[in-house]
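Worksheet for the structure shown next.
The values are calculated or read from the model by the stated rules, or taken from the named source; none is laboratory data. Just so we're clear, the structure is a prediction, and the values are computed from it rather than from any experiment. FYI the Cβ positions are ideal-geometry reconstructions off the backbone, even for glycines, and counts take in every protein chain you see. Ligands, DNA and RNA are stripped out before the accessible areas are found, and what is left, the full protein with its side chains, is counted by its heavy atoms. Shrake-Rupley method; radii C 1.70, N 1.55, O 1.52, S 1.80 Å.
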Amino acid sequence: MSYTSSRRGLFLVLEGLDGSGKTSIANILISRLGELGYRATYTYEPYDSSIVRAVKGEYSSARDAYVDALAYALDRLIHWKTVIEPALREGAVVVCDRYFYSSVAYQTASGAPYEWVLEVNRFAPRPDLAIYLDVEPSLGLARKKGAPSRFPEYERVDFLSRVREVYLRMVREGLLVVVDSSRGLEEVFRDVWGLVRPLLDRLTS
């Protein structure tokens with residue numbers, strides 16, 4: 001089953017480990033788009049609907065890779081129907097900080113089968129562009145040192161190394177476009193903008 005839409009906007013996704021610069025790049029991207037006169041909307045996942053809060057709270061004892069994958073998929077569907085799709089229908093450029101690729105990477109690294117997590121998320125409409133900001137886990141953790149995290153249980157080099165391998169598999173399979181995020185923010189944004197800029201013509205054609 002797959003959801004489709006007659007969207008008129010542009011749907012962009014940024015993926016990567018914590019410390020890869022996703023949120024910083026997203027904020028710069030939103031600012032640049034606004035300067036150029038585009039309506040731009042920032043959003044993120046997990047969307048933190050009541051489903052995610054319940055799994056992390058009331059049902060935390062039942063959490064595993066399978067429960068998380070299903071909970072985040074439902075959260076994602078709610079996010080799509082209530083935030084992303086309405087903005088796209090209004091012609092906005094939606095910049096999403098994480099999407100189903102995060103579920104594939106993190107839940108596969110946690111023990112769920114790669115193909116199963118992809119199937120669970122088959123309903124999720126594909127973005128116009130999905131960029132993976134690649135950084136070594138040790139560098140990402142060093143950048144994030146002392147900063148609050150929504151998921152501190154994931155902050156281990158061994159685990160994040162497995163997550164990175166799944167992301168790189170998605171790059172090899174053509175699901176993501178990779179950008180080296182070990183460099184300075186300006187260089188990384190230059191490459192991201194180089195991928196985004198040609199797509200903006202779709203909004204005026």
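Residue pairs whose Cβ atoms lie under 6 Å apart, sitting 6 or more positions apart in sequence or on different chains, and linking a residue in the range 157-181 that is over 13 Å from Val104 (Cβ atoms) to a partner that is open to solvent by 60 Å² or more (accessible area, probe 1.4 Å) and not acidic (Asp, Glu), are Val157/Ser138.
Restricting attention to the range 100-133, which residues are buried (at least 16 other Cβ atoms within 10 Å of the Cβ) and either touching a His at 6+ places or on another chain (Cβ under 9 Å) or more than 21 Å from Glu165 (Cα to Cα) (or both)? Listed by number, the residues that qualify are Ala124, Pro125, Pro127, Asp128. Got at least one residue in the range 148-167 being at pLDDT below 95, open to solvent by 70 Å² or more (accessible area, probe 1.4 Å), within 30 Å of Leu33 (Cα to Cα) and within 15 Å of the chain's Cα centre (by Cα)? Yes: the range 148-167 contains one or more residues that are at pLDDT below 95, open to solvent by 70 Å² or more (accessible area, probe 1.4 Å), within 30 Å of Leu33 (Cα to Cα) and within 15 Å of the chain's Cα centre (by Cα). Looking across the range 88-97, the residues that are open to solvent by less than 10 Å² (accessible area, probe 1.4 Å) and touching a Gly at 6+ places or on another chain (Cβ under 7 Å) come down to Leu88, Ala92, Val93, Val94.
Among (1) of a type outside the set (Phe, Trp, Tyr); (2) touching a helix residue (DSSP H, G or I) at 6+ places or on another chain (Cβ under 6 Å); (3) crowded, with 17+ Cβ neighbours inside 10 Å, there is one condition Ile84 misses while meeting the rest; what is its number? If we test Ile84 against (1) of a type outside the set (Phe, Trp, Tyr); (2) touching a helix residue (DSSP H, G or I) at 6+ places or on another chain (Cβ under 6 Å); (3) crowded, with 17+ Cβ neighbours inside 10 Å, just (2) comes out false. Taking the conditions (1) free of Cβ contacts under 8 Å to residues at least 60 places away in the same chain; (2) in contact with a helix residue (DSSP H, G or I) (Cβ under 7 Å, 6 or more places away or on another chain); (3) of a type outside the set (Phe, Trp, Tyr); (4) more than 19 Å from Glu173 (Cα to Cα) in turn, Asp97 satisfies each one other than (1). In the set (1) crowded, with 20+ Cβ neighbours inside 10 Å; (2) closer than 25 Å to Asp191 by Cα; (3) among the hydroxyl-bearing types (Ser, Thr, Tyr), the condition left unmet by Tyr47 is number (2). Selection of first residues in the range 118-147 that are touching a residue at least 60 places away in the same chain (Cβ under 8 Å) and more than 20 Å from Phe100 (Cα to Cα) and of second residues that are charged (D, E, K, R) and part of a loop (DSSP other than H, G, I, E, B), restricted to Cβ pairs under 6 Å at least 6 apart or on distinct chains, gives the following pairs, ordered by first then second residue: Gly140/Asp18; Lys144/Asp18. Scanning the range 35-84 for residues being over 14 Å from Cys96 (Cβ atoms) and touching a strand residue (DSSP E or B) at 6+ places or on another chain (Cβ under 8 Å) gives a total of 2. Please go through the range 178-194 and give me each residue that is open to solvent by less than 60 Å² (accessible area, probe 1.4 Å) and either among the aliphatic types (A, V, I, L, M) or under 14 Å from the mean Cα position of the chain (by Cα) (or both), ordered by number. Matches in the range 178-194: Val179, Val188, Val192.
Entry remark, the range 15-32: residues being crowded, with 22+ Cβ neighbours inside 10 Å and over 13 Å from the mean Cα position of the chain (by Cα) number 1 in total. Which of the residues that make up the range 161-205 are acidic (Asp, Glu) and assigned to a helix (DSSP H, G or I)? Answer for the range 161-205, where residues must be acidic (Asp, Glu) and assigned to a helix (DSSP H, G or I): Glu165, Glu186, Glu187, Asp191, Asp201.
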